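Data block below; observations after.
What follows is calculated from the coordinates using simple rules that are stated; it is not laboratory data. Note that the structure is a prediction, hence the values are computed from the model and not measured. We place every Cβ from the backbone using ideal geometry, glycine too, and count neighbours over all the protein chains shown.
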Amino acid sequence: MNSTVAAVQMISSPSVTENIATARRLVTQAAATGAQLVLLPEYWAIMGVHDSDKVAVAEPLGTGPIQDFMSGLARELGIWLIGGTLPLASDDAEKVVNTTLVYNPQGEHVGRYDKIHLFGFTKGTESYNESKTIVPGKNIGVIEAPFGKVGMSVCYDLRFPELFRAMGPVSLIVLPAAFTYTTGMAHWEILLRARAIENQCYVLAAAQGGIHPNGRRTWGHSMLIDPWGTVKTVLAEGEGVVHGEIDPTFMEGVRQSLPALKHRTM
């Protein structure tokens, strides 16, 4: 049986309150399309003026306005809500954990993934170093959803195919992201399509997509890709929602006609 999934694209600001209001509006819009699972982008709750701004709003696991919002909205709309990433408190007072949390239609927290690979990039005047404010995760994140297993990843993880292999066979990979305009234009779509093709599964990517109040420009292009590597739907820039269907019969057909997952030797 087919299931509808959706990705929310945002242009998050330094205000958690504003971002929660925007997320509420867009997730509600996604649910209205019939989406049973909705994915928010990376850093959806805060894109600060400074990287360290997220440390000030970090929450302990299980409590706080960001987590309360996600839990309540999932329950209210009766959906699986995958909360992009939010800053969770870490053992280092000056750093956070960049965490994806999953809530079921009852509003229960049922899954977690902490971003493992931390982005570092320098080109001309453009420079990023996530390790200054983020503690890397260590564990693979997979949940069981109504249409099969869902593997979790975040943004820069996309460049490390071994992470996706370690998930085992999944029906859907979710990837919340805040890809920079520079790297996104060059690599975003081709890497997403590669992950879908080599793992013979659907890939749902929810991106930040525009010019943020802090001056940063993100690439956008939230999309759903099928197991053959075809882009089924995409939103280039700006706030909005993309949605499409997960078709288990099509996925199984791809895996039977080209059994690459069974041909692996390492």
Fill in the blank from the handout: Env charge @ E245, Cβ radius under 12 Å, K,R +1 / D,E -1, value -1
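Where Lys and Arg each count +1 and Asp and Glu each count -1, what net charge lies around K232 among other residues with Cβ under 12 Å from its Cβ? Numbers along the way, then the final one.
Details: positive: R193; negative: D226, E245, D247.
Here the count lands on -2.
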Exercise for the section: Tabulate in residue order the Karplus-calculated ³J(HN,Hα) for the stretch 233-239, using 6.51 cos²θ - 1.76 cosθ + 1.60 with θ = phi - 60°, rounded to whole Hz; enter x for Gly and Pro. Expected result: 7, 8, 10, 5, 9, x, 5
Exercise for the section: Specify the angular offset, from 0 to 90 degrees and rounded to the nearest 10, of the alpha carbon long axis of helix 65-77 from the longest principal axis of the alpha carbons in the chain. Expected result: 40
Fill in the blank from the handout: Which residues qualify? For E59, with a placed amide H closer than 5 Å and at least 5 residues away or on another chain, they are L88, A89
Exercise for the section: On a 0 to 90° scale, report how tilted helix 189-199 is relative to the longest principal axis of the chain, with both axes built from alpha carbons and the result rounded to the nearest 10. Expected result: 50
Handout entry: Computed [θ] at 222 nm, helices only, for the chain once each DSSP H run of length n ≥ 4 contributes -39500 (n - 2.57)
Key = -7000 deg cm²/dmol
Fill in the blank from the handout: Candidates Y181, Y113, Y43; GNM for the chain (alpha-carbon contacts under 10 Å) flags as most fluctuating Y181
Exercise for the section: Mind counting lysine pairs for me in the stretch 3-262? Cα separation below 25 Å, and the two need to be 8 or more apart along the chain or on different chains. Expected result: 17
Handout entry: From the coordinates shown, percent of Cα pairs over 28 Å apart corresponds to which of (1) 45; (2) 27; (3) 31
Key = (2)
Practice task
Mind listing the long-range amide H neighbours of V96? Cut-off is under 5 Å, sequence gap 5 or more, other chains count too, H placed in the peptide plane at 1.01 Å from N.
Solution key: I134, V135
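Sort the following peptides by mean Cβ neighbour count (other Cβ atoms within 10 Å, averaged over residues), highest first: 31-40, 63-72.
For the peptides 31-40, 63-72, the packing ranking is 31-40, 63-72.
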Practice task
Using only Cα atoms, locate the centre of the stretch 64-131 and the centre of the stretch 163-202, then give the distance between them in Å, rounded to an integer.
Solution key: 18
Exercise for the section: Please list the non-local residues whose amide H lies under 5 Å from the amide H of M47, H modeled 1.01 Å from N, same-chain partners needing a gap of 5 or more. Expected result: S13, S15
Handout entry: ³J(HN,Hα), Karplus 6.51/-1.76/1.60, whole Hz, each residue of the stretch 241-255, x for Gly, Pro
Key = 9, 10, 9, x, 9, 9, 10, x, 5, 5, 4, 5, x, 4, 5
